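Visitor: Take a look at this one; I'll ask things after.
The values are calculated or read from the model by the stated rules, or taken from the named source; none is laboratory data. Bear in mind that the values here come from a model prediction, so they are computed numbers and not experimental data. We place every Cβ from the backbone using ideal geometry, glycine too, and count neighbours over all the protein chains shown. For the accessible areas, the whole protein counts, side chains as well, though only heavy atoms, and no ligand, DNA or RNA atoms are used. Shrake-Rupley method; radii C 1.70, N 1.55, O 1.52, S 1.80 Å.
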Amino acid sequence: METQLRVAERSAISASIEFSLDGYLDGVADATMIFRSAVDAHLQDGSEGACWQLARRIADLVRGLEDMQQALEMRPAGQAPSEDAGGATTLAPLTGLGRLLRDMKRQVTGFAIESGFTLRGRRVPAPLAADVQELTDEVCAAIDALVEICRPERQQGPAAEAGRRGVGWHEAQADRLSMAILRRILADEALDVEARLLLAQFVEEIDRLADQAESVASELGSDRRSVMATAGGGYAH
């Protein structure tokens, strides 16, 4: 009876952790939407007030998610999440997702700061705006795909494999688009050197988010395969 009670208790704790993780991942998806809106506002020369409103929204959201992450990671040892059926620990992606969130917040805050400047070179030329928006769409799609494979019910089986391919595919598209944009920027003699460098940095920072998403997905996959290999070895006798 005692064993059954402990199993039931562990199942309840695991369900609670997974529910909390789903809430955290919903927050990451919300942050991605804010980031997309902030890039759009930056491209459309949005008002300084609107840009700062987005910066405050993502700052408040990230602060709450950091508190949630700390609460999840600081659970007592007896309440630590067990390995799921696919062999991966439920909270494994949190560190990488935290890095992504901080980078998105930093970039959105940077857009708000730049919205107060009218200096030449701080705005994306109109001919490049559509391409940068397309790049942003692919970057956000990579993060959204990552969020889905991090959900507890997705961390096993073919669905997780398909999700990881999705992250990698969107990251590859983002790389292709960013390289094309960078070539156009560097070849544009109508821009001075400082303007080219500013624009190139802007594009590279957006693209870097997709690289980070792929890195987190790859780490999650490696952790899962390592745990499954260990588990398989345990039964091989």
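Visitor: Pull out all pairs, ordered by first then second residue, where Cβ-Cβ is under 9 Å, the residues are six or more apart or on different chains, the first lies in segment 59-74 and is small (Gly, Ala, Ser), and the second is in a helix (DSSP H, G or I).
Guide: Partner pairs satisfying both residue conditions: 59/105; 59/108; 59/109; 64/27; 71/20.
Visitor: I'd like to know if segment 147-155 contains one or more residues that are among the polar types (S, T, N, Q) and either open to solvent by 50 Å² or more (accessible area, probe 1.4 Å) or at pLDDT 90 or above (or both).
Guide: The answer is no; no qualifying residue exists.
Visitor: May I ask you to list the residues in segment 156-177 that are modelled with pLDDT of 75 or more, open to solvent by 10 Å² or more (accessible area, probe 1.4 Å) and under 16 Å from residue 215 (Cβ atoms)?
Guide: 166, 168, 169, 170, 171, 172, 175
Visitor: Could you please find all residues in segment 99-121 being at pLDDT below 95 and either open to solvent by less than 30 Å² (accessible area, probe 1.4 Å) or touching an Asp or Glu at 6+ places or on another chain (Cβ under 7 Å) (or both)?
Guide: Across segment 99-121, the qualifying residues are 110, 111, 112, 115, 116, 121.
Visitor: While we're here: Identify the residue in segment 178-237 that is open to solvent by less than 60 Å² (accessible area, probe 1.4 Å), in contact with a Lys or Arg (Cβ under 7 Å, 6 or more places away or on another chain) and hydrophobic (A, V, I, L, M, F, W, C) and, among all such residues, is modelled with the highest pLDDT.
Guide: So the residue we want is 185.
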